[in-house]
Amino acid sequence: MINRIVTMKEAAAETIIIEAKGLTKLYRRGAYEIHALDNVSFSIREGEFLSIVGPSGAGKTTLLQLLGCMDTPSSGEMLIDNQSTKGLSDAKLTRLRREHVGFVFQGFGLLPTLTVMENIVLPTLFSRRNAQSTAEELLETVGLSSRRNHRPHELSGGEMQRAAIARALINGPKLLLADEPTGNLDSTNGAAIIKLFQKLNRDGLTVVVVTHNSTLAESTRRVISMRDGKIESDSQPVFNIGSNSNHLSI
Amino acid sequence: MMELAVRNLLRRRTRSIFTLLGVAAAVAILACLAAFGQGYQRGLSQELDNMGMQMMLVPMGCPFDAAARVLKGKTLDVSLPMTALDAARSDKDVQIAAPLLMAALPRPSEGRTDLWVGVDESIRPLKPWWKLTSGSTWFTDDHSVILGAEAASTELRRVGDTLFSPEANRSFRVSGILERSGTSDDSLFFIPMHAAQEMFHQSGRLTAVAIRLRDPEQITGVSTRLQNTPGAQVVTMTEMMGTFLNLVGAVRTLVLAIAIVAITISTLSVFNTMLSAVLERTSELGVMRAVGASRSQIFRLLAIESILMTAVGSAAGLLLAVVAGRMVGRVVKNFVPLPPSESLLAVSGILALQCIALGVGVGLIAGIYPAWQASRLTPAQALRVE
């Protein structure tokens, strides 16, 4: 039985969950064009715990948003579970996002009019499925069972972020994307969030975090460093994808 | 989705309430206007139907003014010759021709003017709402008087009492008192026709002749024949109603223009509220898009908020129309020709539904652009707005 689990984990480790091929994102500001991302290629295996680091304006958040189908690239292609997102309608991208990706934001993004429990089940309102029991389990996992009926303004920063993580997991995503998840937290709460991510990753969830927090970056198994919209270094690249891409080969 | 929309609206309570009040005021104006129109038409038609008369003979001059004054118990400066009554009674198609002589009797010592009406027995079928109080009888002689309920209470008279009029230097015996009917008859003094002509020095003269036909279909023929009566002219109740409804209609058009302005303003106010809500909540909407809300779901959420606000506003406006409308109706009554005795306000189920539908329409129109604006943002664009 144990051997079988190990084999499955190994198989999962070989599965590419996300593949970015020459991703470029341009923003126009009047006559100027800003390259937020410039021909970025890399892959993420299932079960990885990856951090993206770099100075402000390096393109980390833009990359994270493209990975989560929250935006479309100006050029390049992205595959999620071997399915290309190129040319997909907004409705299909929404479904992909809803079913495969969970998001955690620096500012938590909890709706102030909803309680902790209602915030956690919010995604299921859009996917029209009942996830009450999953929500109960998640509340337990993030340690907020006693705060279920509290509104966000009654919670500490750490509690708000834990509620946001539970919300990100309610639809059972394969990939968790977090943008500066510890950015608004003190070191104690930040450490708790890092531990939570590590636990979730141990349970098989692929976690990608954009961070300035060195402790968080060090706790991940792979670190991608970005500068000026390009990948500067990748501590553990998967494989070479294209000859013209800004990609590190092994 | 509905619950989320309600909570979003409650979040900015003051703003939502003021927007809602704007819609309520606009709908109340429109509902009152429509209800007054329907109520006036219904009341007027009912009142004229109740009288069971199809036409009147009135003195020369404006026939509609004359007929309205007679119907509302007001005096005329001009009069008809008695021959008009004979002409009407001798027409084969006339079932009842009831003479009326109306005169004002100033009471300087009391600070008021009483209205006295000379009638005969033929008037009774034309006043089906007349009910004599117990102990009352019809005129027994030329010194009998029948008092309207209000007149009896002002004069502190009961059946059998004597009523002395110092101005006319005449005494009457109260033979009957009418039960309160809510019409102008309540404040009138009814006396036999002959006594009235003598008391007001109008021998052989009348104010009007009310006519009921054997067959209302014959109205054109009778009208043509009686039109030739010297010193008299014919006015039919249908013509009268049409003229008054036209008059009221002109005023309604004016008020309708005001109501349209009010509705336009309230639509713009809802539009502004919704647009502000979208701008304020852009990043929140981005979060919702990020966690799986589709464009159509965001559009629907905003549209529901807009429609909910205007639908509730419309319901409040309707309520306001019913409550405040009755008070306004009492004031308006003084300004419309031949106001009916019953309420001017007639809020029907259809009218209520129309008002709610209007509110929903306003919500939809005002909410479409903000909702579209919110739904067209990508999650990334929305999240960039802090």
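Here's the yes/no breakdown for (1) surrounded by fewer than 21 Cβ atoms within 10 Å (Cβ to Cβ); (2) modelled with pLDDT under 80:
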| site | (1), (2) |
| --- | --- |
| B:V6 | yes, no |
| B:A24 | no, no |
| B:L57 | no, no |
| B:G61 | yes, yes |
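May I ask you to list pairs of residues, at least six apart or on different chains, whose Cβ atoms are under 8 Å apart, with the first in the range B:25-54 being of a type in the set (S, T, N, Q) and the second being at pLDDT 75 or above and assigned to a helix (DSSP H, G or I)?
B:Q38/B:L351; B:Q54/B:P216; B:Q54/B:I219; B:Q54/B:M237; B:Q54/B:T238
Name, by its number, the condition in (1) in contact (Cβ under 8 Å) with a residue 60 or more places away in the chain; (2) within 11 Å of chain B (Cβ to nearest Cβ); (3) surrounded by fewer than 20 Cβ atoms within 10 Å (Cβ to Cβ) that does not hold for A:L177.
In the conditions (1) in contact (Cβ under 8 Å) with a residue 60 or more places away in the chain; (2) within 11 Å of chain B (Cβ to nearest Cβ); (3) surrounded by fewer than 20 Cβ atoms within 10 Å (Cβ to Cβ), A:L177 misses (3) alone.
Looking at B:S223, B:S203 in this structure, which one is among the polar types (S, T, N, Q), more than 26 Å from B:P128 (Cβ to Cβ) and in the same structural domain as B:D86 (by TED's automatic domain parsing)?
Numbers: B:S223 fails: more than 26 Å from B:P128 (Cβ to Cβ).
Matching residue, one of B:S223, B:S203: B:S203.
Considering only residues of the range B:329-386 that are surrounded by fewer than 18 Cβ atoms within 10 Å (Cβ to Cβ) and within 14 Å of chain A (Cβ to nearest Cβ), which is modelled with the lowest pLDDT?
B:E386
Based on what the data block shows, is A:G22 surrounded by fewer than 23 Cβ atoms within 10 Å (Cβ to Cβ), closer than 24 Å to B:V287 by Cα and over 18 Å from the mean Cα position of the chain (by Cα)? Walk me through how you get there before you give the answer.
On the way: surrounded by fewer than 23 Cβ atoms within 10 Å (Cβ to Cβ): yes; closer than 24 Å to B:V287 by Cα: no; over 18 Å from the mean Cα position of the chain (by Cα): yes.
Taking the combined requirement at face value, the residue does not satisfy it.
Quick check: anything in the range A:104-115 facing chain B (nearest Cβ under 9 Å) and not in a loop (DSSP other than H, G, I, E, B)?
no
Taking the stated definitions as given, is B:W130 within 27 Å of the chain's Cα centre (by Cα) and part of a loop (DSSP other than H, G, I, E, B)?
Numbers: within 27 Å of the chain's Cα centre (by Cα): yes; part of a loop (DSSP other than H, G, I, E, B): yes.
Against the criterion (within 27 Å of the chain's Cα centre (by Cα) and part of a loop (DSSP other than H, G, I, E, B)), B:W130 qualifies.
Filter the range A:171-190 down to residues that are modelled with pLDDT under 85 and on the phi > 0 side of the Ramachandran plot, then give me how many there are.
Qualifying residue count for the region: 0.
In the range A:70-113, what residues are hydroxyl-bearing (S, T, Y) and under 20 Å from A:I170 (Cβ atoms)?
If we filter the range A:70-113 for residues that are hydroxyl-bearing (S, T, Y), which is where we start, we get A:72, A:74-75, A:84-85, A:89, A:94, A:113.
Across the range A:70-113, the qualifying residues are A:T94, A:T113.
List the strands (runs of 3 or more DSSP E) inside the range B:152-201, counting only whole elements, that have at least 2 residues being without any contact (Cβ under 8 Å) to a residue 40 or more places away in the chain and not β-branched (V, I, T). Can you show your working first?
On the way: elements: B:162-165, B:170-177, B:188-192.
Passing ranges, in order: B:162-165, B:170-177.
Looking at (1) surrounded by fewer than 18 Cβ atoms within 10 Å (Cβ to Cβ); (2) over 16 Å from the mean Cα position of the chain (by Cα), which is the one condition that is false for B:T267?
Single failed check for B:T267: (1).
Identify, from the list B:A97, B:A103, the residue that is within 30 Å of the chain's Cα centre (by Cα) and at pLDDT 90 or above.
Working: B:A103 fails: at pLDDT 90 or above.
Every option except B:A97 fails the conditions.
Could you check B:T220 against (1) surrounded by 18 or more Cβ atoms within 10 Å (Cβ to Cβ); (2) part of a helix (DSSP H, G or I); (3) of a type in the set (S, T, N, Q) and say which number it fails?
Here B:T220 clears every test but (1).
Considering each residue of the range B:295-326, count those that are closer than 12 Å to B:A5 by Cα, away from every other protein chain (no Cβ under 14 Å) and of a type in the set (A, V, I, L, M), and give that number.
5
Would you pick out the residues in the range A:127-137 that are more than 14 Å from chain B (Cβ to nearest Cβ) and under 22 Å from B:A293 (Cβ atoms)? Give the derivation first.
Kept after step one, since they are more than 14 Å from chain B (Cβ to nearest Cβ), are these residues of the range A:127-137: A:130, A:132-134, A:136-137.
If the condition is that a residue be more than 14 Å from chain B (Cβ to nearest Cβ) and under 22 Å from B:A293 (Cβ atoms), then A:N130, A:Q132, A:T134 are the ones that fit.
Are any of the residues in the range B:152-170 more than 25 Å from B:K92 (Cα to Cα) and buried (at least 21 other Cβ atoms within 10 Å of the Cβ)?
At the first step, the residues of the range B:152-170 found to be more than 25 Å from B:K92 (Cα to Cα) are B:152-170.
With buried (at least 21 other Cβ atoms within 10 Å of the Cβ) added as a condition, the list becomes B:152.
There is at least one residue in the range B:152-170 that is more than 25 Å from B:K92 (Cα to Cα) and buried (at least 21 other Cβ atoms within 10 Å of the Cβ).
Yes/no matrix, rows are residues, columns are (1) of a type in the set (G, A, S); (2) under 32 Å from the mean Cα position of the chain (by Cα); (3) over 27 Å from A:R167 (Cα atoms); (4) surrounded by fewer than 24 Cβ atoms within 10 Å (Cβ to Cβ):
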site	(1), (2), (3), (4)
B:R281	no, no, no, yes
B:G286	yes, no, no, no
B:R295	no, no, no, yes
B:S314	yes, yes, yes, no
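Report the residue count in the range A:1-36 for those that are among the basic types (K, R) and modelled with pLDDT of 65 or more. Break it down into steps so the answer makes sense when it comes.
Initial filter on the range A:1-36 (among the basic types (K, R)): A:4, A:9, A:21, A:25, A:28-29.
If we keep only those that are modelled with pLDDT of 65 or more too, we end up with A:21, A:25, A:28-29.
Of the residues in that region, 4 qualify.
Starting from residues that are within 20 Å of B:V23 (Cα to Cα) and not aliphatic (A, V, I, L, M), keep the ones in the range B:253-294 and report whichever is farthest from the other protein chains (Cβ to nearest Cβ).
B:T264
Within the range A:157-205, can you find the residues that are of a type in the set (V, I, T) and assigned to a loop (DSSP other than H, G, I, E, B)? Full working, then the answer.
At the first step, the residues of the range A:157-205 found to be of a type in the set (V, I, T) are A:165, A:170, A:182, A:188, A:193-194.
Within the range A:157-205, A:I170, A:T182 meet the criteria.
Check B:G135, B:G182, B:G160, B:G148 and return the single one that is under 27 Å from the mean Cα position of the chain (by Cα) and on the phi > 0 side of the Ramachandran plot.
Working: B:G135 fails: under 27 Å from the mean Cα position of the chain (by Cα); B:G160 fails: under 27 Å from the mean Cα position of the chain (by Cα); B:G148 fails: on the phi > 0 side of the Ramachandran plot.
Within the list B:G135, B:G182, B:G160, B:G148, the selection yields B:G182.
The values are calculated or read from the model by the stated rules, or taken from the named source; none is laboratory data. Quantities reported herein were computed from a predicted structural model and do not represent experimental measurements. With ideal geometry, Cβ positions are generated from the backbone for all residues, glycine too; neighbour counts draw on all protein chains shown.
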